[in-house]
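*Asks:* Structure in structure tokens, see below.
The values are calculated or read from the model by the stated rules, or taken from the named source; none is laboratory data. All values reported here derive from a predicted model rather than from experimental measurement. No Cβ is skipped: glycine too gets one built from the backbone with ideal geometry, and neighbour counts run over all protein chains shown.
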Amino acid sequence: MTPTAAHKSVVLITVAGPDAPGITSQLTGILADGGTTILDIGQAVIHGLLSLSILFELNEAEARDKTIIKDLLFKATELGMKLDFRVMKPDEITQKQKHKAYHYAVTLMAERVSAPALHHVTAALAKNKINIDEIARLSEDEFSCVEMLVSTEAEVDRRRLRKELLEIASQSQVDIALQAEGLYRRAKRLVVFDMDSTLIQNEVIDEFARECGAFEAVSEITHTAMKGKMEFDESLRLRVEKLKGLTNAQMDRVFSRIQLTPGAKDLIRVLKQLGYKTALISGGFTSIADRIKSELGIDFAYANQLEMSQGVATGKVIPPIVNAQRKADLLDLIAQQERIHLDQVIAIGDGANDIPMLEKAGLGIAFNAKAVVRERADLSLSQKSLKSVLYLLGISGRDLQEILKT
């Protein structure tokens, strides 16, 4: 908003009523004919009801006789709209012109976002002196995703606010994401996925063990490692030892029963159409990861490689092991190779060995993750579908449908 001379009148009008084509055009036409200067404008339509606000500066002649206000009131009545106006005081305008230096996006997701959830979140924002600038529903059908663009003049303690929002999320059964709002949120270029229990619903090593008759022993080690109670390298070696004798034919059988996480195909397809690079970085195995890469059209895939001899697993893994630190290093390597800033990288995972990767990325998402991961990631999702990630980029359900049609 440009500074306004103290001797000129500034008016704020608010128009509300049934939406129809041409309302904004006819009202701004009156402002144009009257030689006003528009300083700010905002409009929203919810279920066919329009709310329009315009802040404008009157020229000196209009400021004396207020003819333009009468014309606006008459036109609004003719259109079946209600119009309120208020002459702004100089100190109000000065106050509104203060720059809000910190901007955030708050996204709520659930099967249906409830009134208590909205209340608790907006109350938390108010308590932290955060102003809501815009609210929009991103979901197309059900009221399942709401995005709020918010701002504040003072920097927010994001760690403390995020903890507060996590408590609300737990109590209200809603996912709440807090992100810095700016160019990098809207200009992500690389998305990196964990594989097991993230991009796919299976734990591949457990499926391999099932083929070998060692499921119980391997599964116990897997769960211990994913909870962060055992070093990944040690757990991997112990589990791979129990896979000795696994054949290529058995690995083929495992791949045939792999189930992608709901929404995975659509998410990858949309990301590719929007020009994103995608990568799969897994503590699992190349024999499955490479096929998933090929099936979904993923750009990069890194995973552990089983040592094989004449088509049979020897019980050893070929170094280097793709552990937690290597996952983070590979993410960094891909970003450098593609000349992508780390702030433009999203990482998605569920286990303790994903934490360094999630922390390395500009946005780390814990997807249906263990508690230790939810506490460390930038945000946590408990949604059934991976497509929900798109809401965090500000992509609406209508945008998604349009992209998937092409």
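*Asks:* Please state which one of 236, 280 is within 35 Å of the chain's Cα centre (by Cα), crowded, with 18+ Cβ neighbours inside 10 Å, touching a residue at least 40 places away in the same chain (Cβ under 8 Å) and within 30 Å of residue 186 (Cα to Cα). Spell out how you get there, then give the answer.
*Replies:* Numbers: 236 fails: within 30 Å of residue 186 (Cα to Cα).
After applying the criteria, what remains is 280.
*Asks:* In segment 58-69, what residues are of a type in the set (Asp, Glu) and modelled with pLDDT of 90 or more?
*Replies:* none
*Asks:* Regarding residue 25, is this residue part of a helix (DSSP H, G or I) and surrounded by fewer than 18 Cβ atoms within 10 Å (Cβ to Cβ)?
*Replies:* Yes: the conditions hold for residue 25.
*Asks:* Sticking with this one: So which residues in segment 135-189 are in a loop (DSSP other than H, G, I, E, B), among the small types (Gly, Ala, Ser) and within 25 Å of residue 345 (Cα to Cα)?
*Replies:* Once the filter is applied, which keeps residues that are in a loop (DSSP other than H, G, I, E, B), among the small types (Gly, Ala, Ser) and within 25 Å of residue 345 (Cα to Cα), segment 135-189 yields 139, 182, 187.
*Asks:* What is the residue count in segment 29-60 for residues that are farther than 10 Å from residue 10 by Cα, more than 29 Å from the chain's Cα centre (by Cα) and without any contact (Cβ under 8 Å) to a residue 24 or more places away in the chain?
*Replies:* Qualifying residue count, segment 29-60: 3.
*Asks:* Restricting to segment 356-372, what's the tally of residues that are within 16 Å of residue 282 (Cα to Cα) and surrounded by 24 or more Cβ atoms within 10 Å (Cβ to Cβ)?
*Replies:* 8
*Asks:* Can you pull out every residue in segment 359-399 that is within 22 Å of residue 201 (Cα to Cα) and either in contact with a Gly (Cβ under 6 Å, 6 or more places away or on another chain) or assigned to a loop (DSSP other than H, G, I, E, B) (or both)?
*Replies:* 368, 369, 370, 372, 377, 382, 383, 384, 385, 386, 387
*Asks:* Something else about it: With the requirement that a residue be over 15 Å from residue 83 (Cα atoms) and surrounded by fewer than 16 Cβ atoms within 10 Å (Cβ to Cβ), what does segment 45-65 give you? Reasoning before the result, please.
*Replies:* The first filter runs over segment 45-65 and keeps only residues over 15 Å from residue 83 (Cα atoms), leaving 45-48, 57-65.
Matches in segment 45-65: 45, 46, 47, 48, 59, 60, 61, 64, 65.
*Asks:* Restricting the search to segment 136-155, which residues are of a type in the set (Asp, Glu) and surrounded by fewer than 16 Cβ atoms within 10 Å (Cβ to Cβ)? Show your work before the answer.
*Replies:* At the first step, the residues of segment 136-155 found to be of a type in the set (Asp, Glu) are 140-142, 147, 153, 155.
Once the filter is applied, which keeps residues that are of a type in the set (Asp, Glu) and surrounded by fewer than 16 Cβ atoms within 10 Å (Cβ to Cβ), segment 136-155 yields 140, 141, 142, 153, 155.
*Asks:* Still on this structure, I have one more. Any chance you could count how many residues in segment 313-340 are of a type outside the set (Ser, Thr, Tyr) and more than 15 Å from residue 279 (Cα to Cα)? Quick ask: steps written out before the conclusion?
*Replies:* Let us first name the residues in segment 313-340 that are of a type outside the set (Ser, Thr, Tyr), namely 313, 315-340.
Now restrict to residues that are more than 15 Å from residue 279 (Cα to Cα): 313, 315-321, 323-325.
Total satisfying the criteria: 11.
*Asks:* Now a separate question. Any residue in segment 159-179 that is acidic (Asp, Glu) and either surrounded by fewer than 20 Cβ atoms within 10 Å (Cβ to Cβ) or at pLDDT below 90 (or both)? Lay out the reasoning, then the answer.
*Replies:* Here is the first cut: in segment 159-179, the residues acidic (Asp, Glu) are 164, 167, 175.
Those still in the list that are either surrounded by fewer than 20 Cβ atoms within 10 Å (Cβ to Cβ) or at pLDDT below 90 (or both) too: 164, 167.
Checked segment 159-179: at least one residue is acidic (Asp, Glu) and either surrounded by fewer than 20 Cβ atoms within 10 Å (Cβ to Cβ) or at pLDDT below 90 (or both).
*Asks:* Quick one: would you say residue 316 is outside any helix (DSSP H, G or I) and not hydrophobic (A, V, I, L, M, F, W, C)?
*Replies:* On the way: outside any helix (DSSP H, G or I): yes; not hydrophobic (A, V, I, L, M, F, W, C): yes.
When the stated conditions are applied, residue 316 passes them.
*Asks:* Quick check on this structure: which one of 307, 295 is assigned to a helix (DSSP H, G or I) and charged (D, E, K, R)? Steps first, please.
*Replies:* Values: 307 fails: assigned to a helix (DSSP H, G or I).
The unique qualifying residue is 295.
*Asks:* Counting only residues that are of a type in the set (D, E, K, R), within 18 Å of residue 288 (Cβ to Cβ) and free of Cβ contacts under 8 Å to residues at least 40 places away in the same chain, which one in segment 239-274 is surrounded by the most Cβ atoms within 10 Å (Cβ to Cβ)?
*Replies:* 239
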